[in-house]
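Below: the structure, in structure tokens.
Read-outs: derived from the displayed coordinates by stated rules, not from any lab. Predicted model only: the values in this text are computed from it and were never measured. Positions of Cβ are backbone-derived with ideal geometry, glycine not excepted, and every protein chain shown enters the neighbour counts.
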Amino acid sequence: MRDEFQQRCDAIEEAYEFLLAYAAQGVSGDPGAGSQVREFLQRAAGALTGLGDLFGAVIDRERLEPADRYRAYVAVLDRDARDSLAAIELVLAQPSISSQLIDNLNASMHLRALLTDLFLIDEILKARDQVTSQKSQVTSHNS
């Protein structure tokens, strides 16, 4: 479950990195322009769908404590993921996707909040893994 969550986070981050580069290219709004950007946006949209529920499942499976604090953050992640998904779907609904449109999407506080959520969760999970690993090493060493 954690692997799926990480894969989705990676897909969202990769899309954002591509979007930054795309915004800098100065692509006009010609119809049909931006097929590659559409692919990245569609992947990000797929990764965003149900992201909060998936993180909730990670919390349950890994018995993360204090659970009430993690559960409260699921609501934040879910809201930011849904808001970002709505913005991405709006862009995807356009007949052409210009660099300026993507630049505005990149500047969206919804997308920025989501990325910050993902970075925060990633750092917390890494730190928890490190503590668990250290405890395991101490236990093995003392045995």
May I ask you to say which residue of 81, 87, 75 is touching a His at 6+ places or on another chain (Cβ under 6 Å), surrounded by 11 or more Cβ atoms within 10 Å (Cβ to Cβ) and either under 16 Å from residue 19 (Cβ atoms) or among the hydrophobic types (A, V, I, L, M, F, W, C) (or both)? 87
Exactly one of 24, 86, 15, 45 is aliphatic (A, V, I, L, M), over 28 Å from residue 131 (Cα atoms) and touching a residue at least 60 places away in the same chain (Cβ under 8 Å), and that residue is 24
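For (1) among the polar types (S, T, N, Q); (2) in contact with a Leu (Cβ under 9 Å, 6 or more places away or on another chain), each residue gets a yes or a no:
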position	(1), (2)
54	no, no
57	no, no
62	no, yes
65	no, no
68	no, no
73	no, yes
80	no, yes
83	no, yes
100	yes, no
Quick one: in region 107-133, which of the residues that are within 14 Å of the chain's Cα centre (by Cα) and farther than 18 Å from residue 15 by Cα is surrounded by the most Cβ atoms within 10 Å (Cβ to Cβ)? 121
Restricted to region 95-106, and to residues that are surrounded by fewer than 17 Cβ atoms within 10 Å (Cβ to Cβ) and out of contact with any helix residue (DSSP H, G or I) (no Cβ under 7 Å at 6 or more places or on another chain), which residue is nearest to residue 23 (Cα to Cα)? 100
With the first residue restricted to region 50-66 and required to be touching a residue at least 12 places away in the same chain (Cβ under 8 Å) and of a type in the set (Asp, Glu), and the second required to be surrounded by 13 or more Cβ atoms within 10 Å (Cβ to Cβ) and not in a helix (DSSP H, G or I), Cβ contacts under 7 Å at 6 or more apart or on different chains are none
